[in-house]
1. Checking residue 20 against (1) surrounded by 12 or more Cβ atoms within 10 Å (Cβ to Cβ); (2) in contact with a Ser or Thr (Cβ under 7 Å, 6 or more places away or on another chain); (3) not hydrophobic (A, V, I, L, M, F, W, C), only one condition comes out false. Which one?
2. Could you please let me know if residue 35 is under 15 Å from the mean Cα position of the chain (by Cα) and touching a residue at least 60 places away in the same chain (Cβ under 8 Å)?
3. Quick one: which strands (runs of 3 or more DSSP E) lie wholly within the stretch 1-55 and hold at least 1 residues that are hydrophobic (A, V, I, L, M, F, W, C) and at pLDDT below 95?
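The values are calculated or read from the model by the stated rules, or taken from the named source; none is laboratory data. Predicted model, so just to flag it, every value in this text is computed and none were measured. As a convention, Cβ positions derive from the backbone with ideal geometry for all residues, glycine included, and neighbour counts pool all protein chains shown.
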Amino acid sequence: MATKCPITREQFTEAAKPLKVEINGQSYLAEVKEFSTGSFGWNLNTKVIVEVGGQPVNVQVGMNLTVVGSKDAVKKPEPA
């Protein structure tokens, strides 16, 4: 059974704010986004330095935080 999204697309767009994400002790902001699939949520793309065995390693981060059920969330009706 599919999970129903508790808010409309319009409610999300109007109220959602960037989301603070912490990676390896550093804070980043995931931006509010509507994905090409029709789902909505937050997206973060950045590079971070992570130490591995005392060596700094550059790491590419690609993160989507998707509101469950948002692909089928109610859309605002188009004006007639």
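1. (1)
2. Taking the combined requirement at face value, the residue does not satisfy it.
3. 19-23, 40-52
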